[in-house]
Amino acid sequence: MVKKQSMTALALILSIGAGAGAGAAVAQEQTISFDGKWREQGLLRLFTNDYETKGRSLEVVSDGTVSVLWRPVDDGLADARKARWQWSVTEGVTPTDLTKRGGDDRNLALYFVFVDPQTAANMGQVSATKLLRDPATRGLVYVWGGDHAPGQLLNSPYSDGLKTKILRIDANGSFEEQVDLDRDFKAAFGDSARVLVGLAVTADSDDTDGFIRASISDLRVQ
């Protein structure tokens, strides 16, 4: 159980090996366990979500709050190009404009964070703040929520290096997703996906003062 705690903006420490850029040409599919490797990080406020890690699944409750649950990936997934997972929402927030800074609540978002090979090879230990501010960082953000059409690709109001793709706008339900990271990366940034270094999950209900109860399970990356 990851409990609520007071945390300042993205000061989480990532431990990424210097060999992160030297993965195999085709990554083997790996199931990503929701375990102790995930760490919660608050975003600018003292209020955070409740995350319950259960190995195969992650349960999320967001009650007028927002935060990120983050983990680095193993070197063997550096060249990952595909991902699949199941997610469900039993209670969610009203649709919002996800291009509006400070008004962009969403039920769930799953981040895939990439850097260029040179940056990955020289990262060592680096704070998440520095990583996300680095111009070499790129992030694909798959979202359940917003008032946009499914499949739409949006610019993030927070960083030019983040692109949001809408997968679901349903009020609630349970669905299985399969994504092509390389194809979506090319559509978002104009070139091939780089080195995958981290994953993150968010639920965001602070702007609407809403309530979210959701889960993600069977997250697999290849």
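Restricting to segment 190-222, give me the number of residues that are farther than 20 Å from residue 164 by Cα and among the aliphatic types (A, V, I, L, M). The total comes to 0. The criterion of at least 1 residues that are more than 25 Å from residue 34 (Cβ to Cβ) is met, among strands (runs of 3 or more DSSP E) falling completely within segment 102-198, by 153-155. Out of the residues in segment 92-102 meeting the condition of being surrounded by 16 or more Cβ atoms within 10 Å (Cβ to Cβ) and of a type outside the set (A, V, I, L, M, F, W, C), tell me which one is nearest to residue 115 (Cα to Cα). The residue in question is 96. In segment 51-63, of all residues being of a type outside the set (Val, Ile, Thr) and either assigned to a strand (DSSP E or B) or at pLDDT below 95 (or both), the one that is surrounded by the fewest Cβ atoms within 10 Å (Cβ to Cβ) corresponds to 55. Scanning segment 75-91 for residues that are in contact with an Asp or Glu (Cβ under 8 Å, 6 or more places away or on another chain) and not hydrophobic (A, V, I, L, M, F, W, C), we see that the one that is farthest from residue 197 (Cα to Cα) is 86.
Residues that are farther than 25 Å from residue 118 by Cα, hydroxyl-bearing (Ser, Thr, Tyr), in contact (Cβ under 8 Å) with a residue 24 or more places away in the chain and touching a helix residue (DSSP H, G or I) at 6+ places or on another chain (Cβ under 9 Å) occur in segment 138-157; there is at least one. Among the residues of segment 64-74, those that are touching an Asp or Glu at 6+ places or on another chain (Cβ under 6 Å) and in a loop (DSSP other than H, G, I, E, B) comprise 64, 65.
Just checking, which of 173, 146, 161, 190 is buried (at least 21 other Cβ atoms within 10 Å of the Cβ) and of a type outside the set (D, E, K, R)?
146
Filtered by the rule that a residue be farther than 29 Å from residue 207 by Cα, surrounded by 20 or more Cβ atoms within 10 Å (Cβ to Cβ) and of a type in the set (S, T, N, Q), segment 103-127 gives a lone residue, 119.
For first residues located in segment 176-189 and touching a residue at least 40 places away in the same chain (Cβ under 8 Å) and aliphatic (A, V, I, L, M), partners that are crowded, with 16+ Cβ neighbours inside 10 Å and outside any strand (DSSP E or B) and lie 6+ apart or on another chain with Cβ distances below 7 Å form the pairs 181/80; 181/81; 181/193.
The values are calculated or read from the model by the stated rules, or taken from the named source; none is laboratory data. It should be emphasised that the depicted structure is a prediction, and the values quoted were computed from it without experimental measurement. With ideal geometry, Cβ positions are generated from the backbone for all residues, glycine too; neighbour counts draw on all protein chains shown.
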